[in-house]
Each structure stands twice: as structure tokens, then as C-alpha cells.
Amino acid sequence: MRWLSSTATACTGSTSSVDSGTKIYVAGHCGLAGSALVRQLRAVGYGNLVLRTHAELELTDAAAVRRFFEAERPQHVLLAAAKVGGILANDTLPAEFIHENLAIQTNVIHEAWRAGVKRLLFLGSSCIYPRECPQPMKEEYLLTGPLEPTNRPYALAKIAGIEMCSAYNRQYGTQYLAVMPTNLYGPGDNYDLRTSHVLPALIRKAHEAKLRGDSALVVWGTGKPMREFLYSDDMAQACVFLLRLPEERLQELIAAGAYPLVNIGAGKDLSIRELAELVCEMVGFRGRLEFDITKPDGTPRKLMDSGKLQRLGWRAQIGLREGIGMAYAEYLKTVDGAATGKAVGAVG
């Protein structure tokens, strides 16, 4: 596993105000984003982490969340728990996406405040920005136009979370920051073709097509939409960097715009066609690509403007080619593990 340093505070001339013994709750630590946050926190010396699986704590249950915060009293919170999925999942389960995400973030943010949590990072998504947003997408473009219909319920839930962070900061003096990563991929990704995002779906489809000896791989849509991708460990490094900002710099960041909002992106994008070609090259699938234009494309382009974060001293370190190679290696481990488990079960 590749870990990244999160010690860049030269831009402030100050040291972190979050010491290594700080009690930090990572909500959603089993997921793609949450697991990366845990790896990064541990890599830079934070050992007092509070973690709960979904079976141990149902975050949509307000009473359960209240009991948890009253018992644990974490000092800081990283809210990565969410119901997430690709275009198919968002388009077919809109009620679940808005209900579960609103419940999770409302419960966690409110109970964090009741328990005296001073710093909280709320993880959102680039889909909060308008469908026809100017590119690259700046934080101030939030709420300036209509959203993409296929994931509007999810986007509205995340926008509500941003507004909630802003409202609690204004009324209660908290330091709650909403961070909006671009499309993530990496260890712990979801490769279920019914619910996955485009990059892990392409990795799985290309791998299986290679094993079958297929002559073609079918890709949803026209292949024309442009997308940006960020390796999950880069995202985690950015989040920990923000969490550890000295008090005065964090206050400046929160007060800098209409919302306490920071984009986290790689700074480059490519078309879905180019992405599929790169995945096929890395996986070793030599067949042709076919595009199913009966399937939706989604938003035409979603390139984040991460200038606010870059000016603080952070930049992504893992390129897309390198990242896809690492992601494919991790995927092969899951495939091998599943095959081993089936073999053991059959013998037993």
C-alpha cells in the first residue's frame, strides 16, 4: 500500500493544532474513502481512532447515533459514511439515495455538535455542481444552475450537508468544513456492476472480457463525457492536511466564501473513451470498444478547480496511469480471495 505524507504545513509557518493523541471518529471507515482516511491517519501517527462498522452503528438511527456520541465523545470527526453508487444505482434508487444520505449526515453533524466536536470534515461529491457548470468548477459555482437529473437526489442531499455545516458554523462557532472530492478510485472500491462507478466497472469488465477472450467490450453512453479521477489515498492525504491546519488558517478557509467548501481534485480530466482505452491497456484487454448510446452519458464534464487547496500547499501525487495499475492489482487480490473462498467452501 502506498501511503502519503501529510506534513505539509510550510504554507502556514505553523504546526498542526491536532496532536497525535486526538480522538478522531471516522464514519464510514469500511468504504473506499473512509478506509483511505484510516490508512492515512495511522500513517502520520494518529492512533486514537474511533471506528464502527455498519452492523455496530446504524447511522440512520438518530437515537443510536446520539448514544454513540454521548459515550465516545470524539474530538474531531471525518464524515465519509454515505450511500454511494454509479449512474445506474442513482437513477434507479433515487428515494434511497436522498433519504439515507440526509439521515446519515443530519444525525452525525448534529450529534457531533451536541458532543462538543470542534472540527468536522464532511465528504461530498463533485455532482453538487450544476450539470452545465463552467469548467473547471469553482466552489462559488454551487447553486448557480440545474443539477444533473440522474443523480439529483444524491446531489441535493450533499448540498444540504454543506448548508448544515455552514449553519452550525454561523450559529454555534464550530469549524465544520465540507470537502468535495472528484471521482475516487482505489483500494476498497466497489466492483459490483449494478452499483459501481465507471472506473471500477471498466476494470472489472475489461478483466472479465480478457479472461473470456471477448472481441469487444461494451461501454455505456457515447464515450464523450469528460471525467476527472483521484486515487483515494491522495484524497485522504488532502483531508488529513485540512484537518491538521492551524487554527487561524482553518478559520480563514471557512470564512473565505459563501460556504465552508473545498474542492479536492487531480487537476486533469479525460473522456470516457480515453479512460476505457487506458483501462484496457493496463488490464491487457486487446479487443475493440463498443459504445451503447441507448444508455445515459450523465453530466458532460466535471473538472474540479482545486486552486483553493493547492494554494494552501497540497497537490495530488498519484497519476492516473499509476493509480489504475495499483487499483487493478488490488482488484486481482479481491478476485483471488473470492476464488479461494469458494474453493475452501467447496472442500468443506
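Brief remarks follow.
- Unmet requirement for G21, which otherwise passes all of (1) open to solvent by less than 50 Å² (accessible area, probe 1.4 Å); (2) more than 19 Å from L230 (Cβ to Cβ); (3) at pLDDT 95 or above; (4) not polar (S, T, N, Q): (3)
- Identification of strands (runs of 3 or more DSSP E) wholly contained in segment 181-277 with 2 or more residues that are modelled with pLDDT of 95 or more and over 23 Å from G124 (Cα atoms) yields 216-220.
- Residue match in segment 54-77 (condition: surrounded by fewer than 16 Cβ atoms within 10 Å (Cβ to Cβ) and under 26 Å from N183 (Cβ atoms)): yes
- Members of segment 236-248 found to be of a type outside the set (V, I, T) and buried (at least 19 other Cβ atoms within 10 Å of the Cβ), listed by number: A236, Q237, A238, C239, F241, L242, L243, R244, L245
- No other residue among M282, M326, M304 is touching a residue at least 24 places away in the same chain (Cβ under 8 Å) and more than 20 Å from the chain's Cα centre (by Cα) apart from M282.
- The residues listed here are Q135, Q175; of these, the one that is closer than 29 Å to E111 by Cβ and in contact with a strand residue (DSSP E or B) (Cβ under 7 Å, 6 or more places away or on another chain) is Q175.
- Within segment 162-197, the residues that satisfy the criterion of being free of Cβ contacts under 8 Å to residues at least 60 places away in the same chain and surrounded by 17 or more Cβ atoms within 10 Å (Cβ to Cβ) are M164, Y168.
- Condition check for K83: touching a Phe, Trp or Tyr at 6+ places or on another chain (Cβ under 7 Å) and open to solvent by 20 Å² or more (accessible area, probe 1.4 Å): yes
- Taken over segment 206-235, the residue count meeting the criterion of being open to solvent by 10 Å² or more (accessible area, probe 1.4 Å) and farther than 26 Å from K302 by Cβ is 8.
- Tabulated pairs, segment 287-299, first under 25 Å from A155 (Cβ atoms) and at pLDDT 90 or above, second basic (K, R) and open to solvent by 60 Å² or more (accessible area, probe 1.4 Å), C-beta under 9 angstrom, 6+ apart or interchain: D297/K224
- Qualifying helices (runs of 4 or more DSSP H) (wholly inside segment 45-141; at least 2 residues being within 27 Å of T22 (Cβ to Cβ) and not polar (S, T, N, Q)): 62-72, 94-114
- For segment 116-132, residues that are buried (at least 20 other Cβ atoms within 10 Å of the Cβ) and at pLDDT 95 or above total 9.
- Members of segment 283-323 that are under 17 Å from A209 (Cα atoms), surrounded by 21 or more Cβ atoms within 10 Å (Cβ to Cβ) and out of contact with any strand residue (DSSP E or B) (no Cβ under 8 Å at 6 or more places or on another chain): V283
The values are calculated or read from the model by the stated rules, or taken from the named source; none is laboratory data. Just so you know, these numbers come straight off a predicted model, no measurement behind them. Note that we place each Cβ from the backbone using ideal geometry, even for glycine, and neighbour counts take in every protein chain shown. The accessibility values were calculated without ligands, DNA or RNA, using every heavy atom of the protein model including side chains. Shrake-Rupley method; radii C 1.70, N 1.55, O 1.52, S 1.80 Å.
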